[in-house]
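In what follows, a structure is listed as structure tokens, so that the remarks can point back to it.
What follows draws every value from the coordinates through simple rules; no lab data is involved. All values reported here derive from a predicted model rather than from experimental measurement. Cβ: placed from backbone, ideal geometry, glycine included. Neighbour counts: every protein chain shown.
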Amino acid sequence: MKKIFTPAKKKSILMVDDDQFATDIYQEKLEAQGFKVEVTRDFDSTLQALKKAVADLVILDLCLPGINVVELIKNIRSEPAMKSVPIIAFSNPYLSNLTRAAVEAGATKFVAKVDNTPEQIIDLMRELGVSATSRVSVSGAIEELETNQEKLASKLLINRSEILAKLRASYQNFTRTEREDLRRTALLQIHRQLRLLAGGASALAFQKIAQMSTALEALLIELYTDPVKVTPSVVRTVAHSIETMASLVDRAANSQDQAITPQKILAVDDEIISREMVCSALGRAGLHAKSLDDPLAAQRLLEKEHFDLIFLDVEMPGQTGLELCVKIRAMEPNRTTPIVFVTSHSDFGSRAQSTLSGGNDFIAKPFLLVELAVKALTLLFKESPQLLPTASVQKGVSAKAGDHKLQVAGGHGALKRHRRSRAT
């Protein structure tokens, strides 16, 4: 009896992600490995796709804007044919609670999207027992994938101006209202535009874009989930991070290096809980900080060693953070190092005085851990720090420790003159 050869059915993968750049890259590489790949971008279309055909594997992003992906996982597991199908969840390292909820709902594995490439996902799939039935082996396959990847990168960079304009417009809508529902709508729009701007960044090896967008995305999700956490400090942080993202994308368009080098960070605060919170927040961003509780010891260290970023508490015994900042600006090793004040004061006078003492920014206590991480990355990834004129620095600090009122001769007029001097 003649045997009839029947080709093995291709293993099918369902990807649930609204990031078109990333899904296009993953789809190309997975199909080149012999898989059949379908992409869905919302809750309902995902369930409809699974009713038509059972997938051998599901890959989904936990941070889809406006979608409760945990509930989606529960719905997938409620289908009898999908109870044991592996589910890989792309997680955000800042959102550990969301990751735990996804695992409890039925996700098999979770991986940080920013740290994984299609090749690593293919290796993970093999560990889960999902291997291609037949692998495509064409001599030009690798070259074709590289060409398609270049096209995707080019498309990402060409569209950046339009996406940035929409991103900034959404941010303006966010700042112009105090209504919770309108703020949540604006945050959702910011989140969607951010994903378009940073789309495929990790797959395209744009490391800084991927790291920055991951932290900012986590902050936006936290604010969307709990709008009461929106403070003036957070609003400023979001604004600065958007502009840093714009700068990073522009640099990527000009083929400038996106490699991340080890950063030296110093946190100075006499309160142990505050120091630990700063270090914990930086740790989530993959950054390590040296911490000191004595401003005088910090001064001696900073006279000898260069740091890439410094966090200073304002109110410290022996020497205030404002006074220490003035001295740092006279030290050659850290004359231009970005300095962030950590303070319980968020009024106009405190902000002005922190700027005039030589600080680059400030963050108000109590702060969100992810907000501090976003602020740190924003300053580390800026092209170059702006140094205040020495005369302005000297005038900006009160001789009296702990005095947080505006101590600038001429009041608002002097502040305006200072702003003009920075602009020139």
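Sorting 82-95, 41-54, 281-294 by their mean Cβ neighbour count within 10 Å, with the most densely packed peptide first, gives 82-95, 281-294, 41-54.
For a test of the definition: using alpha carbon positions, the gyration tensor, and the 1.5 limit on a/c, classify region 48-103 as rounded, prolate or oblate.
Prolate is the answer for region 48-103, as a/c is 1.5 or above and a/b outweighs b/c.
Extension gain for Glu79-Val111 works out to 9.1 nm (0.36 nm per residue, less the C-alpha to C-alpha distance). Annotation: the residues Cys279, Cys325, sorted from fewest to most other C-beta atoms within 10 Å of their own C-beta, follow the order Cys279, Cys325.
Evaluating 6.51 cos²θ - 1.76 cosθ + 1.60 at θ = phi - 60° for every residue in region 73-79, the Karplus couplings come out as 4, 4, 5, 5, 5, 6, 6 Hz, glycine and proline recorded as x. Would you mind classifying region 287-334 by shape? Square roots of the alpha carbon gyration tensor eigenvalues, ordered a ≥ b ≥ c; an a/c under 1.5 is rounded, otherwise it is prolate if a/b is larger than b/c and oblate if not. Note, shape of region 287-334 comes out oblate. Loop-resident trypsin sites (Lys or Arg not before Pro) (DSSP state other than H, G, I, E or B) in region 223-273 with no more than 15 further Cβ atoms inside 10 Å of their Cβ: Lys264.
Give me the net charge of Leu292's neighbourhood, meaning all other residues with Cβ under 11 Å from the Cβ of Leu292; Lys, Arg count +1, Asp, Glu -1.
-2
A simple packing score, the average count of other Cβ atoms within 10 Å per residue, orders the peptides 162-169, 17-24 as 17-24, 162-169, with the highest score first. Computed on region 12-137, with alpha-carbon pairs under 8 angstrom and 6+ residues apart, the relative contact order is 27 percent.
Amide H to amide H, with H built 1.01 Å from N, Met316 comes under 5 Å of Gly321, counting only residues 5 or more places away or on other chains.
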